[in-house]
Amino acid sequence: MDLGIAGKWALVCAASKGLGKGCAQALVREGAHVVITARGVEALEATAAELRQAHPAAVVIAVAGDITTVEGRAAALAACPQVDILVNNAGGPPPGDFRQWDREAWIKALDANMLAPIELMKATVDAMAERGFGRVVNITSGAVKAPIDTLGLSNGARSGLTGFVAGVARQPRLASRNVTINNLLPGTFDTDRLTGGFRAGAAASGQSVEEIAERRRRTVPAGRFGTPAEFGDFCAFLCSRQAGYLTGQNLLLDGGAYPGTF
Ligand code: NAP
């Protein structure tokens with residue numbers, strides 16, 4: 001299927017590794033040009049080089065910076081000639097107990113997982129509407145649908161974004177101009193973040209990393225973790241010409257882990 005996005009410009013935030021990188025890979029494969037961001041320059045440049053090598057016709061621009069800051073967002077936007085596709089992403093907040101989190105911890109989580117995506121939408125969606133095409137995909141978390149007790153900062157901040165998107169996606173001035181805004185909710189995907197969590201769990205419990213990973217794997221009916229590539233492919237479809245009638249939705253990719261009917 002031709003997704004109809006060849007030549008479009010995509011800003012993919014937090015994309016040197018993991019799910020963001022998977023999205024950038026899929027969009028570039030479909031013929032889009034991309035601006036990718038991350039804080040660490042080395043991994044970012046390596047990913048940019050990988051994308052260019054795989055798809056020499058694509059323009060790939062790497063912008064190092066923290067997307068949760070005003071400066072980081074300004075640099076990313078300045079590098080992108082126009083934003084037709086926006087993939088919002090940033091690192092997730094740390095786990096813990098809400099009794100330990102002060103205002104600063106909450107503001108940091110809100111900045112990363114709620115306000116940064118809202119600011120980037122604010123900067124881009126009206127121009128998308130004027131051009132008659134726009135796709136926004138926010139990478140959130142399965143924890144929005146099935147909250148994880150120790151991830152309260154994530155549950156709270158991402159739920160705020162989810163509520164905001166439910167309203168703004170339905171604005172006729174966006175929806176009627178072929179601008180869609182959807183949230184992609186990862187379950188358990190095989191990324192550095194996941195393996196880092198397993199390593200921390202192993203260090204704290206004395207179990208091996210593989211034992212912890214296996215216990216987690218057993219919670220997924222698919223019997224495996226998702227891959228960044230399949231996450232990216234799904235994201236690319238959400239950004240396609242064909243997905244123009246899908247907006248304001250929360251799409252869970254979790255190998256069947258969520259046990260509910262809806
Ligand atoms: P990952 O493998 O650790 O990759 C994170 C990427 O984001 C890296 O490229 C990182 O590069 C970049 N990044 C982090 N903070 C950034 C910032 N402030 N500004 C710019 N770039 C930033 O993580 P992942 O597993 O792909 O997770 C992506 C998001 O999905 C996270 O919010 C995570 O909580 C959420 N999620 C993941 C899973 C899962 O199973 N993997 C499940 C649910 C939710 P730098 O560190 O160099 O900046």
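The values are calculated or read from the model by the stated rules, or taken from the named source; none is laboratory data. What you see is a predicted model; the values in this text were computed from it and never measured. Here the Cβ is made from the backbone with ideal geometry for all residues, glycine too, and neighbour counts use every protein chain on show.
Quick grid of which residues meet (1) hydroxyl-bearing (S, T, Y); (2) out of contact with any strand residue (DSSP E or B) (no Cβ under 8 Å at 6 or more places or on another chain):
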position	(1), (2)
N182	no, no
R193	no, yes
A229	no, yes
C235	no, no
G244	no, no
T247	yes, no
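Can you tell me which residue is farthest from the ligand (Cβ to nearest atom) among those in region 94-121 that are in a helix (DSSP H, G or I) and over 18 Å from D66 (Cα atoms)?
R99
Here is a check on your reading of the model: is A204 more than 20 Å from C23 (Cβ to Cβ), modelled with pLDDT under 95 and exposed (fewer than 15 other Cβ atoms within 10 Å of the Cβ)?
Criteria met by A204.
Which residue is farthest from G4 (Cα to Cα), if the candidates are limited to region 190-246 and must be within 13 Å of the ligand (Cβ to nearest atom) and among the polar types (S, T, N, Q)?
Selected residue: T219.
Would you be able to say whether some residue in region 38-55 is away from the ligand (no atom under 15 Å from the Cβ), within 19 Å of V137 (Cα to Cα) and touching a Ser or Thr at 6+ places or on another chain (Cβ under 9 Å)?
no
Restricting to region 209-223, name every residue that is part of a helix (DSSP H, G or I) and exposed (fewer than 13 other Cβ atoms within 10 Å of the Cβ).
Answer for region 209-223, where residues must be part of a helix (DSSP H, G or I) and exposed (fewer than 13 other Cβ atoms within 10 Å of the Cβ): E210, E214, R215.
Residues of region 95-119 being polar (S, T, N, Q) and farther than 22 Å from F164 by Cβ, which ones?
Once the filter is applied, which keeps residues that are polar (S, T, N, Q) and farther than 22 Å from F164 by Cβ, region 95-119 yields only Q100.
Which ones in region 13-65 are β-branched (V, I, T) and in a strand (DSSP E or B)?
V34, V35, I36, T37, V60, I61, V63
What is the number of the single condition among (1) more than 15 Å from the chain's Cα centre (by Cα); (2) hydroxyl-bearing (S, T, Y); (3) at pLDDT 95 or above that T195 does not meet?
(3)
A quick yes/no check of all residues on (1) over 20 Å from A90 (Cβ atoms); (2) touching a helix residue (DSSP H, G or I) at 6+ places or on another chain (Cβ under 7 Å):
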position	(1), (2)
V179	yes, yes
G197	no, no
G201	yes, yes
F225	yes, yes
A229	yes, yes
S240	yes, no
Q249	yes, no
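Does A127 satisfy being over 24 Å from T261 (Cα atoms), more than 18 Å from the chain's Cα centre (by Cα) and at pLDDT below 95?
Taking the combined requirement at face value, the residue does not satisfy it.
Checking the condition small (G, A, S), within 13 Å of the ligand (Cβ to nearest atom) and closer than 21 Å to L27 by Cβ, which residue from G91, G187, G142, G134 passes?
G91
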